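Here's the structure, in structure tokens; my notes come after.
The values are calculated or read from the model by the stated rules, or taken from the named source; none is laboratory data. Keep in mind that what you see is a predicted model, and the values were worked out from it rather than measured. Virtual Cβ from ideal backbone geometry, glycine too; neighbours counted across all protein chains shown.
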Amino acid sequence: MKKIFTVFAFLLLAIVNSSSAANMAADTPLYKNKKATVSQRVDDLLPRMTLKEKIQQLQNRASGGANDIENIFKGESYGCTHEMNRSAAECADMYQKLQTYMLTKTRLGIPILTAAEGIEGILQNGCTLFPQELAQGSTFNPALITRMTQAAGAEANVIGIHQILSPVLDIARELRWGRVEETFGEDPYLIAQMGIGFINGYQKYNITCTPKHFMAHGSPAGGLNCANVSGGERELRSLYMYPFKRVITETNPLAVMSCYSSYDGIAMSGSHYYMTDILRDELGFKGYVYSDWGSVDRLQTFHRAVATQEDAAKMALIAGIDLDIDNAYETLERMVKSGKLDIKYIDLAVRRVLTVKFTLGLFDNPYGDPKKVDKIVHSAANVAMSKEVADESAILVKNSNNILPLNLSKYKSIAVVGPNSNETIFGDYAWTERNPKEGTTLLQGLKEVVGDKITLRNVEGCDWWSKNTADIQNAVKAVEASDLAIVAIGTRSTFLGRSPKYSTSGEGFDLSSLELPGAQEELLKAIKATGKPMIVVFIAGKPLAMPWVKDNADAVVVQWYGGEKQGRALADILTGAVNPSGKLNVSFPRSTGNTPTYYNHFVTDREEPFDSPGTPEDPKMHYIFDKPEPVWNFGYGLSYTSFKYVSCTLKDTVFSATGGTVKVEVEVENTGTRDGKEVVQLYVRDKFSSVATPVQQLKAFNKVLIKAGKREKVTLEIPISELGLYNDKMQYVVEPGEFEIQIGGASDNIVFNKTIVVK
């Protein structure tokens, strides 16, 4: 009897538990069931939301500190948050508490998207500072940048960040523009390749990147940030759209950022044609569109496209801007209630935002790992990664008589002078509380390398921006007392100019002149007059006009902002511990009036025969006192070894316009005595085309390490579809005809020319 009772009790308990579990399952909404599909969960959640809750999902809300959450959010969930001015540890703690609050203290438990700038590392104090995006581009090594963003992504992951507001896919064609440093360079193919590498690293984690600024933002009129970009439909599609098309197709980012500017008079952030017809319907983008800061309000205040903030919000929402980072979308609720705006546009945008949140798994686990912040953030491995990128990004553009690498036994003393000689320029979007001298400066890097074997004398001589020449004589004295001068010049920038010192590059810091700012050229000329050997180290966020430097320096090293280890990287390159392997991703102009200087111009823009520069008495033709050529060209960069392009073979030379792949095998020999890396570059020229096409277009490259005295075979491939153009009917077609395949080490150093035929 006792056994029967025990069995009965067990069965009864099982029935009760089963019933309880069934009731709990019935009470749990479908959107909280991780086994349901993303679309099922969105379909279940959306009808449960009030109009106010929906609109809040289309807005950003600054999160403040961990103790401010209740006062700021008041039981309400928002689309995203974007916190910057805190340490990594503080931010991780705050995000942990914020997501817990979102899941447990808001009516529907909707998590919040946590966004961060990440162009050169995570924009939180204490995170690793990697080289700026322009420096990443000059590595010509997408795989290296993938490793870099994996390291940065690990830091973002433990902090609890799920959206990175990078990479910049703008094309650096207007060098006066302050944000050149944030781009990968002047070439759309290079930008696409580097952008894909960049995104793949971050998206290893539950993170989406946000390629920006869609689109054509990098060529503003006069170089002024946010100014109109002039051009036609063909230029837009062939040039500016290309990196976005490749990146969206090959990496599937869940977010895209719109831009401030207009194209051909149409404000991008208010254009349904650009933000929906092209971005979504044509390019196949499936995520949500995130406005640039204030770009929706600017439809009224800047572009004057509409009369009121309400109209700006309506225009942007209908165009396809899903989430507004400023406050224009606060007007949406009253517009819906008054009948001025159809709620279907709200529902569509909310659906996109929720889809991203479900896809990233935020409803199930939105948390970082604050306990691991100290271990992961700014780890020794990540700092070493920053140094490796800096090593590969520096470009040697002149080396007379092989003065570099320095033979340290020849020098008892070296003068290290110039405004960038003892400053670490972190670059735009590198918000940091660190003193610029906390990163490794050039002077500090040299001290680490030479120790007390060589006397180093340091005088700035001048600053980046002013015409004050009072300190130049002190720099001259330091040089006269030394055996060699290393002069560090260039530009300076930091996040929106938040440093107490003036910026000459970065967002909002555009230049009307591309000559060296301030008294820097006067400093160089004074040092040259001493007769001492002069090595120029150009640390900058963009190319400047430096024909005098090319003609007078004994050696020139270019380093786009190289992150926190830039000084040690430069010291290792100058002294030979590292063999430079960077290539120019932007061409250097001869003067401001010489721009644009990008290599991939039309044949009509620079190819017509022109006379030599003239004189006032005999001005000649074209540029009467100059020539329309860069100082240094795209793809150019020297090494401490030498490379010989031995052979070039094509597997096939005749192709169908409907498809196929051009395969080129190049054999390169290292004829020097040092191991070195060479970027083998492939350019294409359409010999005859129905519409104008560039004289050269980069279509493949491969960076390869070649041991001293050894040969390597490099295979480069081009899909036939890459040879297409937009014809007079704006159709993308591959036209039959001959195409020249150019192989070499720079755009102006072509070794092999082969011809293929497309039928």
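Looking at this structure, is Ser400 at pLDDT 95 or above, under 22 Å from Gln559 (Cβ atoms) and crowded, with 24+ Cβ neighbours inside 10 Å? So Ser400 fails the test.
How many of the residues in the stretch 139-187 are over 30 Å from Lys97 (Cβ atoms), in a helix (DSSP H, G or I) and of a type in the set (D, E, K, R)? Here the count works out to 4. Could you list, in sequence order, all residues of the stretch 173-204 that are crowded, with 24+ Cβ neighbours inside 10 Å, within 11 Å of the chain's Cα centre (by Cα) and of a type outside the set (Ser, Thr, Tyr)? Matches in the stretch 173-204: Arg179, Val180, Glu181, Glu182, Phe184, Gly185, Ile191, Met194, Gly195, Phe198, Ile199. Would you pick out the residues in the stretch 60-85 that are in a loop (DSSP other than H, G, I, E, B) and surrounded by fewer than 19 Cβ atoms within 10 Å (Cβ to Cβ)? Matches in the stretch 60-85: Arg61, Ala62, Gly64, Gly65, Lys74, Gly75, Glu76, Met84, Asn85. When Lys550, Lys528, Lys542 are screened for being touching a residue at least 12 places away in the same chain (Cβ under 8 Å), in contact with a strand residue (DSSP E or B) (Cβ under 7 Å, 6 or more places away or on another chain) and under 23 Å from Arg176 (Cα atoms), only Lys550 passes. From the list Lys651, Lys687, Lys663, Lys754, the one residue that fits, being without any contact (Cβ under 8 Å) to a residue 40 or more places away in the chain and surrounded by fewer than 18 Cβ atoms within 10 Å (Cβ to Cβ), is Lys651. Looking across the stretch 563-593 at every residue that is surrounded by fewer than 21 Cβ atoms within 10 Å (Cβ to Cβ) and among the β-branched types (Val, Ile, Thr), the one that is nearest to Arg674 (Cα to Cα) is identified as Thr575. Please indicate, with yes or no, whether at least one residue in the stretch 103-110 is under 20 Å from Asn365 (Cα atoms), modelled with pLDDT under 95 and of a type in the set (S, T, N, Q). The answer is no, given that none of the residues of the stretch 103-110 is under 20 Å from Asn365 (Cα atoms), modelled with pLDDT under 95 and of a type in the set (S, T, N, Q).
Of all residues in the stretch 188-234, those satisfying the criterion of being hydrophobic (A, V, I, L, M, F, W, C) and either within 17 Å of Glu120 (Cα to Cα) or outside any loop (DSSP other than H, G, I, E, B) (or both) are Leu190, Ile191, Ala192, Met194, Ile196, Phe198, Ile199, Ile207, Cys209, Phe214, Ala221, Val229.
Screening Met84 against (1) at pLDDT 95 or above; (2) within 21 Å of Thr208 (Cβ to Cβ) leaves a single unmet condition, (1).
Of everything listed in (1) without any contact (Cβ under 8 Å) to a residue 60 or more places away in the chain; (2) within 24 Å of Pro243 (Cβ to Cβ); (3) among the small types (Gly, Ala, Ser), the single unmet condition for Gly737 is (2).
Rundown of residues vs (1) closer than 28 Å to Lys387 by Cβ; (2) part of a helix (DSSP H, G or I); (3) assigned by TED's automatic domain parsing to the domain that holds Lys467, yes/no style:
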| site | (1), (2), (3) |
| --- | --- |
| Val556 | yes, no, yes |
| Ala569 | yes, yes, yes |
| Ile573 | yes, yes, yes |
| Thr597 | no, no, no |
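Residues that are of a type in the set (Gly, Ala, Ser) and under 30 Å from Gly137 (Cβ atoms) were ranked within the stretch 96-122; the one that is surrounded by the fewest Cβ atoms within 10 Å (Cβ to Cβ) is Ala115. Of all the numbered requirements in (1) under 26 Å from Glu120 (Cα atoms); (2) surrounded by 15 or more Cβ atoms within 10 Å (Cβ to Cβ), Met315 misses one, and that requirement is (1). Each residue in the stretch 224-240 was checked for being crowded, with 20+ Cβ neighbours inside 10 Å and under 18 Å from Leu134 (Cα atoms), and 1 of them qualify.
Residues are listed down the side, and each one gets a yes or a no for (1) in a loop (DSSP other than H, G, I, E, B); (2) of a type outside the set (Phe, Trp, Tyr); (3) closer than 19 Å to Leu113 by Cβ:
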residue	(1), (2), (3)
Ser269	no, yes, no
Thr276	no, yes, no
Val289	no, yes, yes
Asp292	yes, yes, yes
Leu299	no, yes, no
Ala305	yes, yes, no
Asp311	no, yes, no
Ala316	no, yes, yes
Asp326	yes, yes, yes
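Restricting to the stretch 281-301, name every residue that is farther than 22 Å from Ala328 by Cβ and among the charged types (D, E, K, R). Matches in the stretch 281-301: Asp281, Glu282, Lys286. Just checking, does the stretch 332-350 include any residue being under 26 Å from the mean Cα position of the chain (by Cα) and within 18 Å of Asp292 (Cα to Cα)? There is no residue in the stretch 332-350 that is under 26 Å from the mean Cα position of the chain (by Cα) and within 18 Å of Asp292 (Cα to Cα). Against the condition in a strand (DSSP E or B), out of contact with any Lys or Arg (no Cβ under 6 Å at 6 or more places or on another chain) and not basic (Lys, Arg), how does Thr128 come out, does it pass? Spelling it out, it is not the case that Thr128 is in a strand (DSSP E or B), out of contact with any Lys or Arg (no Cβ under 6 Å at 6 or more places or on another chain) and not basic (Lys, Arg).
Within the stretch 716-729, is there a residue that is touching a residue at least 24 places away in the same chain (Cβ under 8 Å), outside any strand (DSSP E or B), surrounded by fewer than 19 Cβ atoms within 10 Å (Cβ to Cβ) and basic (Lys, Arg)?
Scanning the stretch 716-729 turns up no residue that is touching a residue at least 24 places away in the same chain (Cβ under 8 Å), outside any strand (DSSP E or B), surrounded by fewer than 19 Cβ atoms within 10 Å (Cβ to Cβ) and basic (Lys, Arg).
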